[in-house]
Amino acid sequence: MMKQPTTLHYFKTWTSMLDIDVQKEFSVLEQIKLEPHSITFYTSVSVMSSSKIEGEQLEVDSYVKHKILNVAYLPELTEKPNDLYNAYLFAQDNQLNQNNFLQAHKFISAHLLTQNQRGAIRKTEMLVMEHKTGRIQYEATPLSIVNECYVALWKEIEKLLKQELSIEETFYYAAFIHLEFVNIHPFSDGNGRIARLLEKWFLAEKLGETAWYIQSEQYYYTHVNEYYKNLARLGLYYEALDYEKSIPFLLMLPQSLNFKN
């Protein structure tokens, strides 16, 4: 049976375990004085942190130098991060909807997938492997229902985008969308990268451009073992996932508001 878990079903539990004042911490972020290069800096950090989660080699500070100071590195070190950077720029300038989301995946997968697989739902079954060990971490949504699950998730996202949400609900739903998208794993590659972008894009749609300065991707990278552990808590198979165990993952996004690197 197809799951549609992105409801307020776990919101009370999540709220009871929330140990930061989301509104207060976001307001602090809104008051930061930003320089002309700030969006380039924060986007670079977000992009390379997300890329590092997927095993890319270049260090975050090196990529920042690459984007701000035009420091040159070998193409194989910058190609895929630059593709992700282009997707972030596109998201910052465009409304979150299905068509734009698929376009963002085309940017991300420019050096990952053949052209016919970019921005297209996968045509094969999908196993998610741990980068360090090569062990199977998760068996994604079966091919027979992947399109149905992807469409259902987007219906939920579109409904949420039209609703008035509190800032706490916004963070809760953004994290849940991230989680459910990763669980569906609808593309042949680039799912983790675009799931983290989707989360940030949703926040920006609801909270404004300040959301692009949240250091969520860097927080996830700095706590990458916890990130994967919390994803794995739900189970090995999509159709048997236990969303009662999703709270530790859902709490990571608001915790990133307190992140100090």
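Taken together, the values in this text are just the output of simple stated rules run on the coordinates, not laboratory data. None of the values given here were measured: they were computed from a predicted structure. Note: ideal-geometry Cβ built from the backbone for every residue, glycine included; neighbour counts use all protein chains shown.
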Fully extended contour minus Cα-Cα distance, from VAL224 to VAL28, at 0.36 nm per residue: 68.0 nm
Can you compute the modelled spin-label distance between PHE41 and LEU69, with each label point 7 Å from Cα toward Cβ, in nm? 1.4 nm
Ranked by how many other beta carbons lie within 10 Å on average, peptides 201-210, 230-239 from highest: 201-210, 230-239
Please report, ordered by residue number, every helix of the chain (full DSSP H runs) that is 18 Å or longer along its axis going by C-alpha atoms and whose mean Kyte-Doolittle hydropathy reaches -1.0. 38-53, 75-93, 143-162, 167-184, 191-207
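Looking at the P(r) of the stretch 8-258, how many percent of alpha-carbon pairs lie beyond 22 Å?
Working: 16685 of 31375 pairs.
Of all Cα-Cα pairs in the stretch 8-258, 53 percent lie more than 22 Å apart.
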Taking a label point 7 Å from the Cα of ILE136 along the Cα→Cβ vector, which residues of the stretch 207-238 have an amide N closer than 17 Å to it? 232-238
Positive-end residue of HIS9, GLN218, ALA195, charge dipole of the stretch 8-258 with Cβ unit charges: ALA195
Taking 0.36 nm per residue of sequence separation and subtracting the Cα-Cα distance, how much length would be gained by fully extending the chain between ASN147 and GLU164, in nm to one decimal? 3.3 nm
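With a cut-off of 8 Å between alpha carbons and a minimum separation of six or more residues, what is the relative contact order of the stretch 67-224 in percent?
Values: 157 pairs, mean separation 36.3, N = 158.
So the answer I get is 23 percent.
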Of ILE108, ILE184, ILE68, which is the most mobile in a GNM of the chain whose springs link Cα atoms less than 10 angstrom apart? ILE68
How much FRET efficiency would the formula 1/(1 + (r/R0)^6) give for ASN99 and MET17, where r is the Cβ-Cβ distance and R0 is 45 Å, rounded to 0.05? 0.80
What residue among LYS162, LYS80, LYS106 has the largest mean-square fluctuation in a Gaussian network model of the chain, using Cα springs under 10 Å? LYS162
C-alpha center-to-center spacing [the stretch 143-164, the stretch 43-88] in angstrom: 30 Å
